[in-house]
Amino acid sequence: MTAEVQLPAKEQRVAVIGAGIVGMMSAYYLFRAGCSVTVIDPAEPGDMRASSFGNGGWLSPSLVTPGAMPGLWKQVPKMLLDPKGPLTIDIRRLPRLLPWLFRFLWSGATERRVRPTSKALSSLVGSCPELHQQVAREIGADHLIEPRGLLFLYRDRQAFEREALPWALRREFGATWTEFDEQQLRIEEPNVPERYRFGVLVAGGHCVDPGGFVAEIARYLFSQGVQYRQSSALDFAFDGGRLAGVHTADGTVSCDKAVISAGAWSAQLARKVGNNIPLEAERGHHIVVAGEGPKLRNRLFLTDHKITVRTFKDATKVTGQVDFSGLETPANPLRFEVLHDLVADALPILKSGAQRKLSTWMGRRPSLPDGRPAIGRSRRSADVVLAFGHGHVGFAAGPETARLVTGLITGGVDEDLLAPFSPSRFA
Ligand SMILES: Cc1cc2nc3c(=O)[nH]c(=O)nc-3n(C[C@H](O)[C@H](O)[C@H](O)COP(=O)(O)OP(=O)(O)OC[C@H]3O[C@@H](n4cnc5c(N)ncnc54)[C@H](O)[C@@H]3O)c2cc1C
């Protein structure tokens, strides 16, 4: 690695690779710090190719529990055998995926392993509702961020109590919530399906239209002078050890610094600068079904089916599922059917008129096996910063990640905050 020579922010030309939430938030904070920024992405910001397009939009300090928790390994075979289960693996990919899965389960095997991850994630999501709101206000998109929590629905209190560790970690790392017994639940959410008799309303925020929000950040930044190169980044150009530019499919973007924030597509670019990162596309889905659903005050998380539900005036959006079928394999229509069946099972009102799907979407969560993103300097050069691998929490963690990225590029980053995300932990 070359010695780091810090240019003043206003003399820095920074190329941000990837225009998802992490890339656009990085562009936003870098631009505010005075850098001259070019965003590179073959797809327009807000495009449905990005995971940031159609996610659940949940912004909450409670997003601190990684996917792998103690005891999960016992549930995996049952999940895989259940065609409507929350987890699918393309069996042909299993040999390639096994080392990743092993690391994933190992990282969550004990409470001792999970707690540092929860602590690290809390530093990224702890202030997310406020940070998203601040950005939204500044770019004139307040209407896209609502100060609204998520209502977890359980069949009964015992089901909630069986998840003692995740809730203990959420409490320890700053999340707040209100618990409702059956009677209180029906006052809080009068149209809650009968089968749910216990609820937990977790404080936080919600992005009404994640892709629309990313597009709004881009619209604002491009009107202020941030540049956009609609192309794929392919490689990096160095001159005497310092970064000179990013090669794209349409020529080279000259720059002093670069940020790799290409979500699930980042691993190849990271390899070019010496980092071999075990990144997997943890595919997730949403469907929007037509028809009037139950009138709901809250966004719901149905804990038995592991799906989130949001109702609009004449449509219902359902999000969920984890599918390891590779980065570029087309979406499997069966996953959409499963989502539809699950929501119709839980909300019977949807069974009748809502068979028509208005839209379906598959997104790729960029996931690392230990549940933490990689944020830090590349091995080859401090001029290239890695910022990807946020898995299930990237939309919430976008602004805080971007503030770390900006600190890395303009100076003054808090190295203690950065340590748990070090890309070299996979060396
Ligand atoms: C079903 C589902 C529900 C989810 N719900 C939530 C939620 O409620 N809350 C939450 O916080 N998170 C949620 N997530 C996770 C969240 O969506 C992701 O963690 C986050 O969007 C990742 O953002 P990103 O910017 O890293 O990547 P992306 O949004 O995927 O953006 C990556 C961008 O890089 C571009 N790119 C790729 N290759 C190149 C290249 N070579 N050169 C230039 N650009 C390139 C792509 O075109 C893309 O635009 C959910 C995800 C899914 C799938």
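The values are calculated or read from the model by the stated rules, or taken from the named source; none is laboratory data. Everything numeric in this text was worked out from a predicted model, so none of it was measured. Reconstructed Cβ throughout: ideal geometry from the backbone, glycine too, with neighbour counts over all protein chains shown.
Quick check on my filter: what residues within the stretch 238-272 are more than 26 Å from the chain's Cα centre (by Cα), assigned to a strand (DSSP E or B), more than 15 Å from the ligand (Cβ to nearest atom) and touching a residue at least 12 places away in the same chain (Cβ under 8 Å)? If you could, list the steps in order and put the result at the bottom.
Step one: list which residues in the stretch 238-272 are more than 26 Å from the chain's Cα centre (by Cα), which gives 238-245, 247, 249-256.
So of that shortlist, the ones also assigned to a strand (DSSP E or B) come out as 238-239, 242-245, 247, 251-254.
Then drop every residue that is not more than 15 Å from the ligand (Cβ to nearest atom), which leaves 238-239, 242-244, 254.
Those that are more than 26 Å from the chain's Cα centre (by Cα), assigned to a strand (DSSP E or B), more than 15 Å from the ligand (Cβ to nearest atom) and touching a residue at least 12 places away in the same chain (Cβ under 8 Å): F238, R242, L243, S254.
The residue pairs whose first member lies in the stretch 44-57 and is closer than 19 Å to G149 by Cα, whose second member is among the aromatic types (F, W, Y), and whose beta carbons are closer than 7 Å, counting only pairs six or more residues apart or on different chains, are G54/W361; N55/F395; G57/F395. Is it the case that the stretch 327-346 has a residue that's of a type in the set (K, R) and in contact (Cβ under 8 Å) with a residue 60 or more places away in the chain? The answer is yes; a qualifying residue exists. Somewhere in the stretch 193-204, is a residue of a type in the set (D, E), surrounded by fewer than 21 Cβ atoms within 10 Å (Cβ to Cβ), closer than 18 Å to P147 by Cβ and away from the ligand (no atom under 11 Å from the Cβ)? Taking every residue of the stretch 193-204 in turn, none turns out to be of a type in the set (D, E), surrounded by fewer than 21 Cβ atoms within 10 Å (Cβ to Cβ), closer than 18 Å to P147 by Cβ and away from the ligand (no atom under 11 Å from the Cβ). Annotation: of all residues in the stretch 388-409 being more than 15 Å from the ligand (Cβ to nearest atom) and free of Cβ contacts under 8 Å to residues at least 60 places away in the same chain, the one that is surrounded by the most Cβ atoms within 10 Å (Cβ to Cβ) is L408. Of the residues making up the stretch 115-156, those that are out of contact with any strand residue (DSSP E or B) (no Cβ under 8 Å at 6 or more places or on another chain) and over 28 Å from A68 (Cα atoms) number 9.
Yes/no per residue for (1) away from the ligand (no atom under 15 Å from the Cβ); (2) farther than 26 Å from T88 by Cβ:
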| position | (1), (2) |
| --- | --- |
| G284 | no, no |
| P294 | yes, yes |
| D304 | yes, no |
| T319 | no, no |
| F324 | no, no |
| P333 | yes, no |
| L339 | no, no |
| A346 | yes, no |
| T360 | no, no |
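Could you tell me which residue of the stretch 410-423 is surrounded by the most Cβ atoms within 10 Å (Cβ to Cβ), considering only residues that are of a type in the set (G, A, S) and modelled with pLDDT under 95? Checking each candidate, the answer is G411.
The residues in the stretch 14-73 that are within 7 Å of the ligand (Cβ to nearest atom), among the charged types (D, E, K, R) and surrounded by fewer than 23 Cβ atoms within 10 Å (Cβ to Cβ) can be counted, and the count is 2.
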